[in-house]
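A.B. asks: One structure, pasted below without further comment.
Readers should treat all values here as calculations from the given coordinates under stated rules, not as data from a laboratory. This is a predicted model, so every value here is computed, not measured. No Cβ is skipped: glycine too gets one built from the backbone with ideal geometry, and neighbour counts run over all protein chains shown.
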């Protein structure tokens, strides 16, 4: 049976290796916020600044101690405030990631107090352990066993024009140039004006439209 694989953000790091390892099962791929990353990219190709949150959260116990100073709703609130911005948020040497948000900073207009209640209720039950383990503490292990990776199926990458990940040194050039097509030759990238890191929450109708268009255009592949 063929399927379409859809992954948001670091879900892309799972989606593409699945297609590489099981090409007979994948008709197409949609990723939101992140294109294909070659194995070891975040070590060899894109060097993350020391105070950038993936580096900090890779350290066992550091995020747990940082988050533990606040209730779950405050952690969720801070994350949405921080990562809806268009610039990289870098902590100083003696500063933690949660300290980057001032308590008076308002939520983005498209994220509500009700949203926080729903998200926080989920993390109240599960905690943040899995969210920290995957992807941050397994960042360069997924797909590392694939040699000479190439994804041959139709692929669409949906990104916000104001996605802060594009400010990672080398990432913007990699994404906008033809380099990524060495690995995903049938890739198309669509940039959503004013879009942030949280496209599905910010522009759900647009993301749904682009997703459904891609599925409809490629549904014939399910019959191959």
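A.B. asks: First obtain the Kirkwood hydrodynamic radius of the chain from its Cα pairs, then insert it into the Stokes-Einstein equation at 37 °C and 0.692 mPa s, and state the resulting D in µm² per second as a whole number.
C.D. replies: Translational D for this selection: 177 µm²/s.
A.B. asks: If eta is 1.002 mPa s and T is 20 °C, what Stokes-Einstein diffusion coefficient results for region 132-224, Kirkwood Rh from Cα pairs, in µm²/s? Display every interim value, and only then the final one.
C.D. replies: Numbers: Rh = 15.3 Å.
Here the translational diffusion coefficient equals 140 µm²/s.
A.B. asks: Cα axis of helix 72-83 to longest principal axis of the chain: angle in degrees, 0 to 90, nearest 10?
C.D. replies: 60 degrees
A.B. asks: Where is the GNM fluctuation largest for the chain (alpha-carbon springs, 10 angstrom cutoff): 106, 135, 49?
C.D. replies: Ranking 106, 135, 49 by mean-square fluctuation puts 106 first.
A.B. asks: Normalised by the residues of region 103-224, what does the relative contact order come to in percent, with Cα pairs under 8 Å and at least six apart?
C.D. replies: Numbers: 82 pairs, mean separation 33.3, N = 122.
Across region 103-224, relative contact order equals 27 percent.
A.B. asks: For residue 47 and residue 99, compute 0.36 nm times the residue count separating them, minus their Cα-Cα distance, and round to one decimal in nm.
C.D. replies: Working: separation 52, 0.36 × 52 = 18.72 nm, distance 2.29 nm.
So the extension gain works out to 16.4 nm.
A.B. asks: Figure the gain on full extension for residue 161 and residue 181 (residue separation times 0.36 nm, minus the Cα-Cα span) and round it to one decimal in nm. Don't jump to the answer; show the numbers that get you there.
C.D. replies: Details: separation 20, 0.36 × 20 = 7.20 nm, distance 1.97 nm.
My answer for the length gained is 5.2 nm.
A.B. asks: Determine, from the Cβ-Cβ distance of residue 152 and residue 213 and an R0 of 22 Å, the FRET efficiency 1/(1 + (r/R0)^6), rounded to the nearest 0.05.
C.D. replies: Numbers: r = 21 Å, r/R0 = 0.95.
With a Förster radius of 22 Å, E is 0.55.
A.B. asks: Continuing with this model, one more query. What is the chain's relative contact order, in percent, from Cα pairs under 8 angstrom and six or more apart in sequence?
C.D. replies: For the chain, the relative contact order is 28 percent.
A.B. asks: Against the longest alpha carbon principal axis of the chain, how many degrees, from 0 to 90 and to the nearest 10, is the axis of helix 11-21 turned?
C.D. replies: On a 0 to 90 degree scale, this one is about 30.
A.B. asks: Once you have the Cα-Cα distance between residue 92 and residue 65, take 0.36 nm times their residue separation minus that, and quote the gain in nm to one decimal. Provide the component values of the computation, followed by the final result.
C.D. replies: Details: separation 27, 0.36 × 27 = 9.72 nm, distance 1.67 nm.
Taking 0.36 nm per residue and subtracting the Cα distance, the gain is 8.1 nm.
A.B. asks: Right, next: Pick from 103, 154, 60: which is most flexible by mean-square fluctuation in a GNM of the chain where alpha carbon atoms under 10 Å apart are linked?
C.D. replies: 103
A.B. asks: Would you calculate the convex hull of the Cα atoms in region 53-138 and tell me its volume per residue in Å³?
C.D. replies: Details: hull volume 8.9 nm³, N = 86.
Convex hull of Cα atoms, per residue: 104 Å³.
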